[in-house]
1. Between exposed GluC sites (Glu not before Pro) in the chain, where DSSP calls loop and at most 11 other Cβ atoms lie within 10 Å, what's the longest gap?
2. Please compute the per residue accessible area over the chain with all protein chains in place, 1.4 Å probe, rounded to a whole number of Å².
3. Counting only helical runs of four or more DSSP H residues, what would the 222 nm mean residue ellipticity of the chain come to if each run contributes -39,500 (n - 2.57) and the total is spread over all its residues?
4. Could you work out the relative contact order of the chain? I mean the mean sequence separation of Cα pairs under 8 Å and 6+ apart, divided by the number of residues, in percent.
5. Give me the percent of the accessible area of the stretch 1-153 that comes from carbon and sulfur atoms, probe 1.4 Å, all protein chains in place.
6. Anyone know which of ALA115, ALA184, ALA21 comes out most mobile in the 10 Å Cα GNM of the chain?
7. At 1.4 Å probe size, with no ligands or nucleic acids counted, give the accessible surface of ASP144 in Å², nearest ten.
8. Within the P(r) computed for the stretch 200-273, what percentage of the Cα pairs occupies the region above 16 Å?
Amino acid sequence: AGGNLVATDLQAASFIDILRARSRAAELGMTMLTGLVGNVAIPKLTGSATAHWLTNEATAITEGQQTIGQLALAPKTLGAYTELSRLLMLQSTPAAEAMVMNDFAKVLALAIDLAVFEGSGASGQPTGISNTAGIGSVTGTSLDIADCIEFQTDLATANALADGCAYITTPAVAGLLKGRARIASTDSQTLWSGSVLEGSIEGFKATTSTQLTIASMIFGDFSQVVLGEWGMLEIALNPYASFATAITGIRAIQSVDVGIRQAAAFSRATSIT
């Protein structure tokens, strides 16, 4: 009976948020196109002319043609929706509507980040790096120093290796490589240097996120990723979602698309062991 004398002290200022994945695409240097209105087509040189040595001054130069393509972007729309009761909004601490709006902003940002890396290109999703045709491939089985270097040589062979390139993988793979000798039996260094959150592999930045497919890794020049944005994140409140029961609806919606300027600027490994 004494329990009826014990008050509950709600510590709203110490509200505990859910554990979330790390949003990494923007930090890795992704290119942003904001304020778009119509569909977008970015001209792209896909083939160059050929230079010819001339036998003598009377030799005619053989004509060559450049090939022009386009990178097309069109809005793909992402949304989230929650309904709140009148009494919840009156009595909640912290304010339920503010909590929902804050959560919406985070979940949409993470969904866009996920689309950059893993977007399927189906069911309304953009096509992300992993599903872009023409990216390089590295065997993930028993990943070793030769494989880690192969990521770089894939890009260098295609003239796509740049100083700002980076590796991104899952924390589990980072932990695996952090415990694996760089050169077996002869080297105290490991393939992954640094913490599981931030490190380096063979001279390039390496970072982690749970957004990637399990046991996968991507290496590339992330400035070659284009994120097109139509408008901005919109969060709207509808106090008449259900007038008879005083239900309020809160909706978040955002329209974006992902494009890869040069597929050869990326290489990926899966099923890493």
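1. Working: sites that count: GLU57, GLU63.
Segment 64-273 is the longest.
2. Values: 15270 Å² over 273 residues.
Heavy-atom SASA per residue in the chain reads 56 Å².
3. Values: 4 runs with 50 residues, N = 273.
Dividing the helical sum by the residues of the chain leaves -5500 deg cm²/dmol.
4. Computed value for the chain: 28 percent relative contact order.
5. Values: 5670 of 9990 Å².
That fraction is 57 percent.
6. Looking only at ALA115, ALA184, ALA21, the largest GNM fluctuation is found for ALA184.
7. Approximately 70 Å² for this residue.
8. Working: 1909 of 2701 pairs.
Pairs farther apart than 16 Å: 71 percent.
The values are calculated or read from the model by the stated rules, or taken from the named source; none is laboratory data. Predicted, not measured: the structure shown is a model, and the values here were computed from it. Heads up, the Cβs are rebuilt from the backbone with ideal geometry, glycines too, and the neighbour counts pull from every protein chain shown. The accessibility values were calculated without ligands, DNA or RNA, using every heavy atom of the protein model including side chains. Shrake-Rupley method; radii C 1.70, N 1.55, O 1.52, S 1.80 Å.
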